[in-house]
Amino acid sequence: RRSMSKQAIQDRYPEQTSHCFGCGYSNPAGHRLKSYWDGAASTASFTPDARYTAIPGYVYGGLIASLIDCHGTATAAAAACQARGGDPSTDALPRFVTAALKVDYRLPTPLGVELVLRGSAREIGERKVVVAIELSAGGKLCATGEVVAVLMPKHLVSGDEAR
């Protein structure tokens, strides 16, 4: 088994696309989710505190959707790079955005427990990657998701407002 890259996928995004509330390193108020690629799949973790309460002791679903969303686009970037013959730990990563997000909530997700996300690409096309995500807490599967990620439009990656 290959070892995980030490640098998060999101930390390799261009600065102009690093402001996402869920995973952007340039957003001090955000979650700053970090996803890591191991050559076949991705992992990330996040420990929610009381800010993310739905009912006492449990996480609200919007946080879970946000984590699955951001982990899905990061997984798409690494998988697409690798599928095109690149090395996701050193080569430029294509930047993806979410075209569709599906989340299935399976169990109530506890607060204060590390949430572990695992992702894998199910389909890799020229502009689209379909990613499956599992979110677990304490070894129990709490949610699953599917992210349809598409390449970010060039004008958003370059910062050029012209379309």
Unique residue being farther than 23 Å from His155 by Cα and at pLDDT 90 or above when the list is Lys6, Lys34: Lys34
If Ala83 satisfies every condition in (1) of a type in the set (A, V, I, L, M, F, W, C); (2) touching a strand residue (DSSP E or B) at 6+ places or on another chain (Cβ under 6 Å); (3) open to solvent by less than 50 Å² (accessible area, probe 1.4 Å) but one, which is the exception? (3)
For segment 96-149, how many residues are in contact (Cβ under 8 Å) with a residue 24 or more places away in the chain, surrounded by fewer than 21 Cβ atoms within 10 Å (Cβ to Cβ) and touching a Lys or Arg at 6+ places or on another chain (Cβ under 8 Å)? 6
Find the residue count for segment 120-146, including only residues that are within 12 Å of Ala77 (Cα to Cα) and part of a strand (DSSP E or B). 7
Identify all residues within segment 8-59 that are touching a strand residue (DSSP E or B) at 6+ places or on another chain (Cβ under 8 Å), over 16 Å from Thr109 (Cα atoms) and polar (S, T, N, Q); write none if there are none. Gln10, Ser35, Ser42, Thr43
Does Thr144 fit the bill of being modelled with pLDDT of 95 or more and hydroxyl-bearing (Ser, Thr, Tyr)? yes
All positions within segment 64-121 that are closer than 18 Å to Lys6 by Cβ, more than 17 Å from the chain's Cα centre (by Cα) and among the hydroxyl-bearing types (Ser, Thr, Tyr): Thr90
Can you tell me which residue in segment 22-70 is nearest to Arg118 (Cα to Cα), limited to those that are hydrophobic (A, V, I, L, M, F, W, C) and open to solvent by 40 Å² or more (accessible area, probe 1.4 Å)? Ala40
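The values are calculated or read from the model by the stated rules, or taken from the named source; none is laboratory data. Keep in mind it's a predicted model, so treat the numbers as computed, not measured. Here the Cβ is made from the backbone with ideal geometry for all residues, glycine too, and neighbour counts use every protein chain on show. All accessible areas refer to the heavy atoms of the entire protein, side chains included, with ligands and DNA or RNA removed. Shrake-Rupley method; radii C 1.70, N 1.55, O 1.52, S 1.80 Å.
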